[in-house]
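Working notes for the structure below.
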Amino acid sequence: MAGTITGVLTRVQTQQGRPQVAKLVLTCVGDASDGGFPATILNDLQTSFRLEGLQFYSIKVIPGTTTPTDASDLTITDEYGVDLLGGKGTNLISATLKTWALFGPAGYSVSALITGDTTITITGNSVHSATFTIIIELIGV
């Protein structure tokens with residue numbers, strides 16, 4: 001599986017007195033032979049600014065020009081293997097729709113504190129070289 005997930009973290013300018021915000025934009029390209037993606041540690045995508053101490057707020061998925069398999073799944077797990085989306089990543093990747101979810105378990109939206117390595121895992125895609133963008137919004141910058 002040689003697909004890629006690369007990312008760029010940018011801080012979003014906010015008005016004084018409002019929570020500090022950042023966004024991590026992930027470019028996802030599926031493997032050319034099987035459409036797979038490697039499990040990727042999000043913390044390792046950033047060398048200039050660490051994610052520890054921030055909180056995950058929301059996630060958005062935008063299909064690209066070579067659309068992925070509809071209803072593909074993603075998880076974001078912490079260093080203990082806990083799914084920080086609480087199952088909300090099931091079927092979140094669409095071939096045609098822009099989708100989004102708040103972090104936290106089903107029925108709740110809770111900002112998940114980042115205390116160590118967090119890993120994104122994408123499953124269910126079989127479209128060779130599928131492309132999409134994932135935007136993870138963070139607070140507490």
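The values are calculated or read from the model by the stated rules, or taken from the named source; none is laboratory data. Bear in mind the structure is a predicted one, so any value in this text is a computation, not a measurement. FYI the Cβ positions are ideal-geometry reconstructions off the backbone, even for glycines, and counts take in every protein chain you see.
Side notes on the structure shown:
- Here GLY53 passes the criteria (1) farther than 29 Å from GLN16 by Cβ; (2) more than 16 Å from the chain's Cα centre (by Cα) except the one numbered (1).
- Filtered by the rule that a residue be without any contact (Cβ under 8 Å) to a residue 60 or more places away in the chain and outside any loop (DSSP other than H, G, I, E, B), the stretch 31-75 gives LEU45, SER72, ASP73, THR75.
- For GLY116: the one exception among (1) within 13 Å of the chain's Cα centre (by Cα); (2) assigned to a loop (DSSP other than H, G, I, E, B); (3) farther than 16 Å from ILE5 by Cβ: (1)
- Yes/no for PRO105 being surrounded by 14 or more Cβ atoms within 10 Å (Cβ to Cβ) and either free of Cβ contacts under 8 Å to residues at least 24 places away in the same chain or out of contact with any strand residue (DSSP E or B) (no Cβ under 7 Å at 6 or more places or on another chain) (or both): yes
- Which listed residue is over 14 Å from the mean Cα position of the chain (by Cα), within 21 Å of HIS128 (Cα to Cα), polar (S, T, N, Q) and modelled with pLDDT of 95 or more, from THR69, THR27: THR69
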